[in-house]
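Below is one structure, written out as structure tokens; the observations come after it.
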Amino acid sequence: MSAEEGPAPAPGAWQRLDWRVILISGLFGGGLSLGSFVPVAAVVMDRLPLWQAFLVLPAWFLLPVLGGAGVGFVRWWRTRYRLGSERAELHTGVLLVKRRSLARERIRSVDLTAHLLLRLLGLVKVRIGTGEQSGGGESTLELDPVTRAEGERLRRELLDRREAADGVPHEDGELAVLDPAWIRYAPLSFVAPLLGGAAVGGVLQVSEWFGVQGEVIDWIGGVFRDTPLLWLVAALAAAALVAGAAGALAVWVEMWWNYRLEREPGGTLRLRRGLLTARSLTIEERRLRGVALVEPLGIRLCGAARVDAIATGLVQGRDDERDSHKTLLPAAPRPAAETVAGRVLKGGGGALRAPLTPHPRAARGRRLRWALTAASAPVLGLVAAGALLHLPALLYAALGSALALLPLAVLLALDAYRNLGHGIDGPHLLARSGTVRRTTVALQRGGVIGWTVKQTYFQRRAGLLTLTATTAAGDGAYEIPDADETEGLRFAADAVPGLLEPFLERGA
């Protein structure tokens, strides 16, 4: 043990949070008062004599600081935790004392996060969880804050599963590290246009607060006074996309800088990332049931994909709503993503490169009909409106929509059909589907706890069915849509022997 860590506490001894929680709470109180200090100072200076203003303004700033520090002191004084031989315990509260504990054998995650202030002070927030989803946070204990060395000690002690290793040789150490070139995929995500729209809305909202929204709109109209409407819309859309791309780059850097994925002795995967807010997430490999190779359309067109974990008990944190705890690798070149996925699966990545069984041509016909029906709806609506209102402009709009939407619908339908496939590769069953968001799933066959077989009237006429593999991990269910009826049932029986055969024999 290094000198920096200091001596370990006695087993079962009660401990407190770090005393600097008082300082942090006071600083947050000061930040709240500082945000309103300028408008309050303007009002006070206008309505009170100067000597009274100099008495009121310091009090306005100091009272939240002192109040926050007081709250922090109470948290430090009334919060205790300890690690016993069988349970991890946490006691908090003054008037309403909460005593919570978790059985150590049920603890599945110890995640460390630290925003910028915590990092500067050498502190972290520790979230200890069982991987169960329950109301009121009863399946988690949160220690905010403790020293970084204490957080690492808790993580090591609570997740030490050396005695539970499966005996299968596998690669410990580094599985993946950040390649700064991956940032080029950030503007291609669906986040970019959303951030662009948010930027436009933010400008309009702020201008409304200051009562200058009309002036802003007039200024934009003046700049584009002699510009045709079509070019005006295109220019504003381009500006929004540029703003969204810049925002997506900033979000990516904050979330994924310092990224590192590694396998630790004892059977855990540890993911570390974050620029301003550092995050350390841990997944026990015995909870891992597979991986998903996810390819949103923009990223897929550039030959990239991301890797998500399919594991039990991945609960979204309250303060990490932006984050995806299941993502093991951000968008990266597909060969790199397949390699990382193979290392996570303790293989060479061959599972995700294995050939898949294509689906019948009837599945292509179903996708073409769906796509053409969806694309025709707005076209027919414009035609009906133009005919009823006697507006030729709407008829021209319908023609333009048909020329744009119908070919695009056909292309997407054909792509969706080409992406259909399923297969078996050793201990994993494989399923691929989707076009706007193509997903290839490698799921442990032993993790499948049931099959759902669905067949609509139209599927039955076409000799198709949809298989759904049920599992306790990830999304809980993974579909294989529009597979051949005979081949699909045989595939399900071969993938998980003994699970589907009794029902097939009964049906026969």
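Magnitude of the charge dipole for the stretch 254-412, about its Cα centre and with charges confined to Cβ atoms of Lys, Arg (+1) and Asp, Glu (-1), is about 560 debye. Ligands, DNA and RNA excluded, the heavy atoms of residue 276 present near 90 Å² of accessible surface to a 1.4 Å solvent probe. Inter-label distance, residue 178 to residue 235: 3.8 nm, where each label sits 7 Å from its Cα along the C-beta direction. The figure for residue 346 is an accessible area of roughly 80 square angstrom, using a 1.4 Å probe on the protein chains alone.
Accessible surface ranking for 451, 231, 1.4 angstrom probe, highest first: 231, 451.
When the alpha-carbon atoms of the stretch 371-498 are used, the pair Rg, Dmax equals 20.2, 65 angstrom. Residue 174 exposes around 90 Å² of accessible area when a 1.4 Å probe is run over every protein chain in place. Go ahead and collect, in residue order, the members of the stretch 20-34 whose backbone nitrogen is under 19 Å from a label point 7 Å along the Cα-Cβ direction of residue 63. In the stretch 20-34, the label zone of residue 63 (backbone N under 19 Å from the point 7 Å along Cα→Cβ) covers 26-34. Here the Karplus relation 6.51 cos²θ - 1.76 cosθ + 1.60, evaluated at θ = phi - 60°, turns the backbone of the stretch 71-84 into coupling constants of 4, x, 5, 5, 4, 5, 6, 9, 10, 9, 9, 7, 10, x Hz, with x for every Gly and Pro.
For the stretch 339-422, the normalised intensity computed at q = 0.13, 0.15, 0.21 Å⁻¹ comes to -0.60, -0.68, -0.90 (log10 of I(q)/I(0), Debye sum over alpha carbons, equal scatterers, no solvent). Element breakdown for the stretch 242-308 at a 1.4 angstrom probe: carbon and sulfur atoms account for 67% of the accessible area. Its residue count N sets the reference 2.2 N^0.38 Å, and the alpha-carbon radius of gyration of the stretch 308-462 equals 1.43 times that reference. Computed FRET efficiency, Cβ-Cβ of residue 370 and residue 217, R0 45 Å: what is it to the nearest 0.05? Between residue 370 and residue 217 the formula returns 0.65. Fully extending the segment from residue 19 to residue 486 would add 161.5 nm, taking 0.36 nm per residue of separation and subtracting the current Cα-Cα distance. Taking all protein chains together and a 1.4 Å probe, the residues 27, 380 rank 380, 27 from largest to smallest accessible area. Taking packing as the residue-averaged number of other Cβ atoms within 10 angstrom, the listed peptides 98-107, 69-78, 332-341 run from highest to lowest as 332-341, 69-78, 98-107. Largest accessible area first, the listed residues 28, 491, 61, 458 line up as 458, 28, 61, 491 when surface is computed with a 1.4 Å probe on the assembled protein chains. Among the protein heavy atoms of the stretch 80-129, carbon and sulfur supply 51% of the accessible surface, probe 1.4 Å, non-protein parts ignored.
The values are calculated or read from the model by the stated rules, or taken from the named source; none is laboratory data. Remember, predicted model here, so these are calculated numbers, not experimental data. FYI the Cβ positions are ideal-geometry reconstructions off the backbone, even for glycines, and counts take in every protein chain you see. These area figures cover heavy atoms from the full protein model, side chains too; ligands, DNA and RNA do not enter into them. Shrake-Rupley method; radii C 1.70, N 1.55, O 1.52, S 1.80 Å.
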